[in-house]
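Below: one structure, written as structure tokens.
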Amino acid sequence: MRCAFRGKHSVLTVASIILGSVLAGCGGLLVMSLASPSPGNLGVRNGRLAACPGTPNCVSTQAENQDHWIEPLQAEPNDDGVISLLAEIVREMPRTTLIEQTGEYLRVEFRSRLFRFRDDVEFYHARRSGLVHFRSASRVGHSDLGVNRRRMEQIRTQFQRRATTVSGGAALETREDSFVLAGVR
């Protein structure tokens, strides 16, 4: 049996092909991340943020299914400082750009370290109930390997720590209470 890859030149050829393929793949990912436009469905409409797509790279407090659903934040009703506190928290996180901020809404873009993929994060403070709904979604790809969920749990931890310090913030009793409040059963 003869080996198809013999000699120094054959090894260099194979190595060059592999290296070229890896570089082309990385270049393609970089171009894809730079060319991903901002979704047109962002913002609050009738008290709701946009629904998550069918891919697993999104979490939302208003999701219809439990794969995408995440517990909302609880703040004091009519607290004017909620969105400002969230803006302060996300500004301290790496690779973050604040896009829009009003008294009840905050929109932020996060970028991944390596390929600079953009994730869109939105917060909506339903002032009467005190619930802070949020959505975090990747613009491209299928799976985010749990990045959006982990990020939002990190923000939750910071928010609860700071809100409790500032205003004695209330917390939801159980996950089941959260489902009922969020309209998910």
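The values are calculated or read from the model by the stated rules, or taken from the named source; none is laboratory data. What you see is a predicted model; the values in this text were computed from it and never measured. Positions of Cβ are backbone-derived with ideal geometry, glycine not excepted, and every protein chain shown enters the neighbour counts.
Can you confirm whether region 59-66 contains a residue that is modelled with pLDDT of 95 or more, of a type in the set (Asp, Glu) and either in a helix (DSSP H, G or I) or over 17 Å from ASP119 (Cβ atoms) (or both)?
No, because not a single residue in region 59-66 is modelled with pLDDT of 95 or more, of a type in the set (Asp, Glu) and either in a helix (DSSP H, G or I) or over 17 Å from ASP119 (Cβ atoms) (or both).
Tell me yes or no: at least one residue of region 76-84 is at positive phi and modelled with pLDDT of 95 or more.
No - not one qualifying residue is present in region 76-84.
Give, as residue ranges, the strands (runs of 3 or more DSSP E) completely inside region 93-144 that count at least 2 residues that are farther than 22 Å from ASN65 by Cβ.
By residue number, 96-101, 105-111, 118-125.
With surrounded by 14 or more Cβ atoms within 10 Å (Cβ to Cβ), closer than 23 Å to ARG139 by Cβ and small (Gly, Ala, Ser) as the only criterion, which of ALA75, ALA50 stands out?
ALA50
Looking only at region 118-127, decide whether some residue is farther than 22 Å from ARG162 by Cα, hydroxyl-bearing (Ser, Thr, Tyr) and surrounded by 14 or more Cβ atoms within 10 Å (Cβ to Cβ).
Checked against the condition, which is being farther than 22 Å from ARG162 by Cα, hydroxyl-bearing (Ser, Thr, Tyr) and surrounded by 14 or more Cβ atoms within 10 Å (Cβ to Cβ), region 118-127 yields no hits at all.
Sort out which residues of region 128-140 are within 13 Å of the chain's Cα centre (by Cα) and either farther than 23 Å from GLY54 by Cα or surrounded by fewer than 19 Cβ atoms within 10 Å (Cβ to Cβ) (or both), and write them in order of number.
Within region 128-140, ARG139, VAL140 qualify.
Select from region 78-92 the residues that are in a loop (DSSP other than H, G, I, E, B) and loosely packed, with under 13 Cβ neighbours inside 10 Å and list them in ascending order.
ASN78, ASP80, GLU92
Looking at region 167-176, can you tell me whether even one residue there is modelled with pLDDT of 95 or more and either surrounded by 14 or more Cβ atoms within 10 Å (Cβ to Cβ) or in contact with a helix residue (DSSP H, G or I) (Cβ under 7 Å, 6 or more places away or on another chain) (or both)?
No, because not a single residue in region 167-176 is modelled with pLDDT of 95 or more and either surrounded by 14 or more Cβ atoms within 10 Å (Cβ to Cβ) or in contact with a helix residue (DSSP H, G or I) (Cβ under 7 Å, 6 or more places away or on another chain) (or both).
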